[in-house]
Amino acid sequence: MRAEDALEVVYRPYVTEKTFDMLERQNKIVFLVDAKASKNKIKEAVETLYDVKVQTVNTSFTVTGKKAYVRLSPESPASDLASKLGLV
């Protein structure tokens, strides 16, 4: 997947107290994503944009849009990604 295509799938990280807790305890990071994006597309996009290995992707629809809960594999700590993104 090209980076331009990936940017159309993953909009931005979504950070709250709850998602920050998930980042630390479960190695998960939450993104707002395109409403039509599949879990596989989200996985590809996150791996392309941030050079990490994704273990699982869960999604949910909320008032703020579609959220993707992305669990990273152990060799890709979510805290490192959060630091790169300026979230911590």
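For segment 48-88, filtered to residues that are free of Cβ contacts under 8 Å to residues at least 40 places away in the same chain and charged (D, E, K, R), the residue that is surrounded by the most Cβ atoms within 10 Å (Cβ to Cβ) is 66.
Looking only at residues in segment 19-37 that are touching a strand residue (DSSP E or B) at 6+ places or on another chain (Cβ under 9 Å) and surrounded by fewer than 14 Cβ atoms within 10 Å (Cβ to Cβ), which one is farthest from residue 86 (Cα to Cα)?
If we take residues in segment 19-37 being touching a strand residue (DSSP E or B) at 6+ places or on another chain (Cβ under 9 Å) and surrounded by fewer than 14 Cβ atoms within 10 Å (Cβ to Cβ), then 36 is farthest from residue 86 (Cα to Cα).
Of all residues in segment 1-18, those that are farther than 13 Å from residue 68 by Cβ have Cβ atoms under 6 Å from Cβ atoms of residues that are outside any helix (DSSP H, G or I) and at pLDDT below 95, 6 or more apart or on another chain, in 15/87. Only one entry in 70, 30, 52 is under 18 Å from residue 1 (Cα atoms), outside any loop (DSSP other than H, G, I, E, B) and either at pLDDT 95 or above or aliphatic (A, V, I, L, M) (or both), namely 70.
Would you confirm, using the coordinates I've provided, whether residue 45 is assigned to a loop (DSSP other than H, G, I, E, B), among the aliphatic types (A, V, I, L, M) and either on the phi > 0 side of the Ramachandran plot or buried (at least 16 other Cβ atoms within 10 Å of the Cβ) (or both)? Talk me through it step by step, then tell me what you get.
Values: assigned to a loop (DSSP other than H, G, I, E, B): no; among the aliphatic types (A, V, I, L, M): yes; either on the phi > 0 side of the Ramachandran plot or buried (at least 16 other Cβ atoms within 10 Å of the Cβ) (or both): yes.
So residue 45 fails the test.
Can you find a residue that is farther than 24 Å from residue 1 by Cα, in contact with an Asp or Glu (Cβ under 9 Å, 6 or more places away or on another chain) and at pLDDT below 95 anywhere in segment 14-21? No, there is no match, as no residue in segment 14-21 is farther than 24 Å from residue 1 by Cα, in contact with an Asp or Glu (Cβ under 9 Å, 6 or more places away or on another chain) and at pLDDT below 95.
Within segment 1-27, how many residues turn out to be in a helix (DSSP H, G or I) and of a type in the set (Phe, Trp, Tyr)?
If we filter segment 1-27 for residues that are in a helix (DSSP H, G or I), which is where we start, we get 3-9, 17-26.
Those still in the list that are of a type in the set (Phe, Trp, Tyr) too: 20.
Count: 1.
Test residue 6 against the criterion of being buried (at least 16 other Cβ atoms within 10 Å of the Cβ), in contact with a Leu (Cβ under 6 Å, 6 or more places away or on another chain) and more than 18 Å from residue 88 (Cβ to Cβ), and give yes or no.
Yes; evaluated as a whole, the condition is true for this residue.
Residue check: residue 40 meets all listed conditions (1) modelled with pLDDT of 95 or more; (2) under 10 Å from the mean Cα position of the chain (by Cα); (3) not in a strand (DSSP E or B) but one, namely (2).
The values are calculated or read from the model by the stated rules, or taken from the named source; none is laboratory data. Only a predicted model underlies this, so the values are computations on that prediction, with no experimental measurement involved. For neighbour counting, all protein chains shown are included, and Cβ atoms are generated from backbone atoms with ideal geometry for every residue, glycine included.
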